[in-house]
Amino acid sequence: QVQLVESGGGLVQAGDSLTLSCAASGGTFVAYAMGWFRQVPGHEREFVAAISWRGAVVHYADSVKGRFTISRDNAKNTGYLQMSSLKPEDTAVYYCAARRVSALGVAADLYDYWGQGTQVTVSS
């Protein structure tokens, strides 16, 4: 059973940068693809970015392409989401997720493990 813990959220101003971390424990994180999703109250969880098990393949939602960068350090069992040029519409709870295969996925129901989420608030 993999446990995921996100950190790094907070309150920032539009245009600022923020880096989220996702620390994994209890499983073979290195063999799992991982993704980042976000959710606003009253809305469905939205795909943000995903990365394959070795980091060779990445995919982004159009809304964050060019502003966000997903990465991972398998030696540290940690994933990252670097966010820049943040906009108020990026405000959400951000979740990291892992799936028990090496290939990335964009649908939330493809993921087997989820963190508890970290709040990101971007003020205008």
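The values are calculated or read from the model by the stated rules, or taken from the named source; none is laboratory data. Only a predicted model underlies this, so the values are computations on that prediction, with no experimental measurement involved. Glycine also receives a Cβ, built like all others from the backbone with ideal geometry; neighbour counts cover every protein chain displayed. Surface accessibility is based on the protein's heavy atoms, side chains included, excluding ligands, DNA and RNA. Shrake-Rupley method; radii C 1.70, N 1.55, O 1.52, S 1.80 Å.
What's the Cα-based Rg to Rh of the chain, Rh via Kirkwood?
0.94
Loop only per DSSP, at most 13 neighbouring Cβ atoms within 10 Å: give me the trypsin sites (Lys or Arg not before Pro) in the range 1-97, ordered by residue number.
Here the trypsin sites (Lys or Arg not before Pro) that fit, given the DSSP loop and packing criteria, are R54, K65.
Taking the full set of protein chains and a 1.4 angstrom probe, give the accessible area of S123 in square angstrom, rounded to the nearest 10.
The value for S123 is about 40 Å².
Using the Cα centre of the chain as the reference point, and only Cβ charges (+1 on K/R, -1 on D/E), how large is the resulting charge dipole? Debye, rounded to the nearest 20.
320
Once you have all Cα-Cα distances for the range 64-124, histogram them in 10 Å bins from zero and send the whole-percent values.
Reading upward from the zero bin: 18, 48, 30, 4.
Regarding the range 17-70, what whole-number volume in Å³ per residue does the convex hull of its Cα atoms give?
108
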